[in-house]
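The values are calculated or read from the model by the stated rules, or taken from the named source; none is laboratory data. Not measured: the values here are computed from a predicted model. Every residue, glycine among them, receives a Cβ derived from its backbone with ideal geometry; neighbour counts consider all protein chains shown. Note: areas computed on protein heavy atoms with side chains; ligands, DNA, RNA excluded. Shrake-Rupley method; radii C 1.70, N 1.55, O 1.52, S 1.80 Å.
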Amino acid sequence: MTEQRIEYSADKATAYRQLAEEVASVVAGETSRTARYATAVPLLTAAFGERFFWCGFYEVDPLKEGELVVGPYQGTLGCLRIPFGRGVCGACATKRETIIVPDVHAFPGHIACDSRSNSEIVVPVFDASGSLVAVLDVDSTSFAAFDEVDARGLEAVCRAMMTG
Ligand code: SME
């Protein structure tokens with residue numbers, strides 16, 4: 001059984017660095033991608049608490065081209081499938097870059113899985129060869145909960161989750 005060993009810094013950038021190290025050390029050598037995603041989710045929510053109202057992965061479905069399918073997550077019920085180009089997750093999958101949405105109600109095509117979500121960040125996840133394999137979606141009940149520090153921090157956590 002793996003215990004959580006880290007007390008995270010109050011400084012967000014430092015907390016993300018600590019978290020990336022912890023994720024890397026827990027998943028090192030793991031062959032299952034699902035196990036990597038499923039490990040990252042509780043570590044992320046433990047580190048950032050209530051700011052992360054919904055936190056989880058939508059995976060690129062290898063069997064249905066241009067579609068994301070829900071993967072490991074914590075939070076209220078999420079929708080199962082999102083076509084590329086739809087909502088924030090679909091836009092991230094198409095652009096292959098991080099998207100920060102300070103007010104989801106103002107984002108064209110936003111998919112409201114839970115009306116309590118007010119802001120969101122979605123980060124692309126790449127495998128070792130640079131192919132998009134998933135997106136990490138984090139929602140908050142606060143408006144404008146995420147900034148560039150979250151973007152760079154979550155990108156680093158996703159890289160750490162996929163290597164080693
Ligand atoms: N809001 C997301 C959909 C996923 S959930 O919020 C869990 C979107 O617009 O892509």
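Could you list, in sequence order, all residues of the range 1-50 that are of a type in the set (K, R) and buried (at least 18 other Cβ atoms within 10 Å of the Cβ)? Answer for the range 1-50, where residues must be of a type in the set (K, R) and buried (at least 18 other Cβ atoms within 10 Å of the Cβ): R33, R36.
Take G75 and decide whether it is within 11 Å of D137 (Cβ to Cβ) and buried (at least 21 other Cβ atoms within 10 Å of the Cβ). So G75 does not fit the description; no. Selection over the range 51-69 of residues that are within 17 Å of V41 (Cβ to Cβ), charged (D, E, K, R) and at pLDDT 95 or above gives a count of 1.
Of all residue pairs spaced 6 or more apart or on separate chains, those with beta-carbon atoms under 7 Å, a first member in the range 45-56 that is closer than 18 Å to E22 by Cα and in contact (Cβ under 8 Å) with a residue 40 or more places away in the chain and a second member that is away from the ligand (no atom under 12 Å from the Cβ) and open to solvent by 50 Å² or more (accessible area, probe 1.4 Å) are A46/Q4. Taking the range 119-141 as the range and being over 11 Å from the mean Cα position of the chain (by Cα), more than 17 Å from A20 (Cβ to Cβ) and either open to solvent by 60 Å² or more (accessible area, probe 1.4 Å) or within 13 Å of the ligand (Cβ to nearest atom) (or both) as the test, the residues that pass are S119, S129, S140, T141.
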